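Data first, discussion second: the structure below is written as structure tokens.
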Amino acid sequence: MILLSLLIACTGASPDSGVADSSDSVDSVDTGPACTALTTADDWAWKGECPQMTTPCELSVNACAVSITYSSGMDMNMPYSATVSGDTVTFDDNSSVTGCVGTITGPDTIEGTCGSGCTFTLQR
């Protein structure tokens, strides 16, 4: 026992010295699904039942956040922002058009529906 005590004192080791062994676990952070890429561009447009007419817009993508601007001044009550998780795009509510969710089918196309059941395509 004395030899064991001296060996531990000389090496500075302790029963849990921070060195991983089979009983130690490694903490991991769940980052969720990656964001499917969308193209930042000024030539996007909403089409379909929800906007009721082609509505030009500009998309700016920053990581998983999407900003939508309408330089024409006509937004047809469509959303101004969204969040991407995997290939799912959840749009923020805007006026009378609420609950819009879409699926990215390519870097230049999102297809989806809004809470009222109307459909849309947002694409370049």
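Can you tell me the FRET efficiency between residue 93 and residue 123 if r is taken as the Cβ-Cβ distance and R0 is 25 Å, rounded to the nearest 0.05?
The calculated FRET efficiency here is 0.70.
Using a cut-off of 14 Å between beta-carbons, work out the net charge of the residues near residue 79 (Lys and Arg +1, Asp and Glu -1, residue 79 not included).
Combined, the nearby Lys, Arg, Asp and Glu give -4.
For residue 86, which sequence-distant residues (separation of 5 or more, or a different chain) have an amide H within less than 5 Å of its own amide H, given hydrogens modelled in the peptide plane?
Correct list: 34, 35, 36.
Could you grab the relative contact order for the stretch 46-124? Cα pairs under 8 Å, six or more apart, rounded to a whole percent.
Averaging sequence separation for qualifying contacts and normalising by length gives 25 percent for the stretch 46-124.
Near residue 58, within a Cβ-to-Cβ distance under 15 Å, what is the net charge of the other residues, with Lys and Arg +1 and Asp and Glu -1?
Summing Lys/Arg as +1 and Asp/Glu as -1 gives -3.
Take the alpha carbon gyration tensor of the stretch 41-123, find the square roots of its eigenvalues, order them as a ≥ b ≥ c, and report rounded if a/c is under 1.5; if not, report prolate when a/b exceeds b/c, else oblate.
rounded
Compute the signed sum of charges (Lys and Arg +1, Asp and Glu -1) over the other residues within less than 10 Å, Cβ to Cβ, of residue 103.
Within the 10 Å Cβ shell, the charges total -2.
Give a residue-ordered list of calculated ³J(HN,Hα) values for the stretch 108-124 (Karplus: 6.51 cos²θ - 1.76 cosθ + 1.60, θ = phi - 60°; whole Hz; x for Gly, Pro).
10, 8, 10, 10, x, 9, 10, x, 7, x, 5, 10, 8, 10, 10, 8, 8
Please give the length that would be gained between residue 70 and residue 47 if that part of the chain were fully extended, namely 0.36 nm times their separation in residues minus their C-alpha to C-alpha distance (nm, one decimal).
Residue separation times 0.36 nm, minus the Cα-Cα distance, leaves 6.9 nm.
Values quoted throughout were computed directly from the atomic coordinates according to the rules given, and no laboratory measurement underlies them. Because the structure is predicted, anything quoted here is derived from the model rather than measured. Cβ coordinates were reconstructed from backbone atoms using ideal geometry, including for glycine residues, and neighbour counts include every protein chain displayed.
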